[in-house]
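These notes concern the structure reproduced below.
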Amino acid sequence: MAMNTMRAAVLIAPKRFELRDVPVPAIGPEDVLVRVTRTGICGTDIHIFNGHYAADKLPLIPGHEFCGTIAECGANVRHLAVGARVVVDINIGCGTCFWCRRNEVLNCTEVTQVGIGRDGGFAEFVAVPARLAIPVEADIPDDILALTEPVACVVRAARKAKVTFGQSVVIFGAGPIGNLHVQMMRLVGAAPIIVADLSADRCRMALEAGADAAVSDPAELKATVLRMTGGRGADFIIESVGNRKLYEQAFDLARRGGHVAFFGITPPGETVPVDILRTVLEEGSLKGSVAGMGEDMHDALTLLSHGRFRTDDFTRASYCLENIQEAFETLGDRPQDLKTQIAIAA
C-alpha cells in the first residue's frame, strides 16, 4: 500500500501550527497504524499550544483524544484486523514493571503519551502499540467516540476517589471536564452534586448535565454546600480547575472525614497546606488522579456506547485539519462549545 506521506498539523513553536506533508509513521511487529477520523482538542493541548507544557518536545504533532480505523497491522498483531474501528489508550509504559502491572502507567520510568511526548492525532495516521488499540463494537458516531479519552479521565477520578451512591460531591469547574465529572457523579448515584464555576453559562450547562446546584458567585458557595449537606460539608470535593486557592477552599468545604480529589493541574511546585492533626483525628483523605488508562478506557467506551453521557454540548464544533490554527485561536470566543474536534478523515 503506497502511503509515503500524510497531512499533519505540526506545532512548530508556541501558538504556531504548520500544515505539512510528513512521512507516514513506520510500525513495528507489535504495532498498528491507525487512520485517524476525529481528534478532540483537550485542555492539555491548549497548554501545549500556549507554550506552557511540553515545550521541549516541539516540533510536535499533538492530539490525544482520537478515534480511527486500523490501516495496517504489524506482523505479530492477531487481535485486530485492517478496517476495524478503534480508540487508543495513549499512555505507553513498558508494560511489565510494578507500575504498569498496577495500571499506574504514568509512574512507569519509560512512560510516554501519544500526542504529548510523541506525535499524535492531529494527522492522518498515528502508529501505536497494538495492545493499546481498543476495538469498537458499537455503532457509535466518530464525534462521540473521540470523547472516550476525556471520559476515561473522569472514570478514573471516580474510581480513585471511591465515590458511590448517596454521597455528596462538590465539583470545582464546569468546563468540558467538569461537565463530564458532573455526569460521572450522576451515574454513580452521588447526591447532591454541587458545581462551582465563575461562568453563569457553564453553570447552566452543568445543571442540564445533572448537577443539583451550580454556584457562579464564590461568596455563596460555602453556604450552599452547608445547606445541602445538613451543615456537615461535602463527602467529596473534586478540584478540576487547577487553582491553588480552590484546592485550599476544597479542604474547607469537605465534611469531617471527607475526601479531596486532586485532579486539576497547577504549575509545578505549587503546594497546599494540610492540617496534620485535623487530618489524623477526622480521618480526612486526598488522592490524585489524571489520565484514564487501561480499564478506564474500556469502561468509558462502554458508557459512551450505551448512551450514558449527554454529548450534545461536546459535538457541535468541528473544524477540518486545514483550519486547526483557527480552531485553537477561537476557543476562548466559544465557551458554549465544551469540546472542539478536528475532523481528519471521513
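The values are calculated or read from the model by the stated rules, or taken from the named source; none is laboratory data. Keep in mind the model is a prediction, meaning the values are calculated, not measured. Neighbour counts run over all protein chains shown; Cβ positions are idealised from the backbone, glycine included. For accessibility, only protein heavy atoms count, side chains too; no ligands or nucleic acids. Shrake-Rupley method; radii C 1.70, N 1.55, O 1.52, S 1.80 Å.
Things to note:
- Hits in region 191-210 - residues which are small (Gly, Ala, Ser) and either under 19 Å from residue 304 (Cα atoms) or in contact with a Leu (Cβ under 8 Å, 6 or more places away or on another chain) (or both): 196, 206, 209, 210
Here is a yes/no grid of residues against (1) touching a Pro at 6+ places or on another chain (Cβ under 9 Å); (2) more than 19 Å from residue 224 (Cα to Cα); (3) modelled with pLDDT under 95:
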{"residue": "153", "(1), (2), (3)": "no, yes, no"}
{"residue": "156", "(1), (2), (3)": "no, yes, no"}
{"residue": "161", "(1), (2), (3)": "no, yes, no"}
{"residue": "180", "(1), (2), (3)": "yes, yes, no"}
{"residue": "193", "(1), (2), (3)": "no, no, no"}
{"residue": "210", "(1), (2), (3)": "no, no, no"}
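- Restricting attention to region 276-294, the residues being touching a residue at least 24 places away in the same chain (Cβ under 8 Å) and exposed (fewer than 15 other Cβ atoms within 10 Å of the Cβ) number 4.
- Residue ID - most open to solvent (accessible area, probe 1.4 Å), chosen from residues in region 316-346 that are among the aliphatic types (A, V, I, L, M) and assigned to a strand (DSSP E or B): 343
- Scope region 60-80; condition part of a loop (DSSP other than H, G, I, E, B) and either open to solvent by less than 60 Å² (accessible area, probe 1.4 Å) or under 11 Å from residue 116 (Cα atoms) (or both); matching residues: 61, 62, 63, 64, 74, 77, 80
- If you go through region 83-119 and pick out every residue that is in contact (Cβ under 8 Å) with a residue 60 or more places away in the chain, under 22 Å from residue 36 (Cβ atoms), of a type in the set (S, T, N, Q) and open to solvent by 20 Å² or more (accessible area, probe 1.4 Å), you end up with 1.
- Test result for residue 304, in contact (Cβ under 8 Å) with a residue 24 or more places away in the chain, surrounded by fewer than 19 Cβ atoms within 10 Å (Cβ to Cβ) and under 28 Å from residue 61 (Cβ atoms): no
- When 163, 170, 151 are checked against the criterion of being open to solvent by less than 20 Å² (accessible area, probe 1.4 Å) and over 23 Å from residue 232 (Cα atoms), a single residue qualifies: 151.
- Restricting 242, 258 to those that are surrounded by 14 or more Cβ atoms within 10 Å (Cβ to Cβ), on the phi > 0 side of the Ramachandran plot and free of Cβ contacts under 8 Å to residues at least 60 places away in the same chain reduces the list to 242.
- Only residues that are of a type in the set (Phe, Trp, Tyr) and outside any strand (DSSP E or B) were counted in region 251-265, giving 2.
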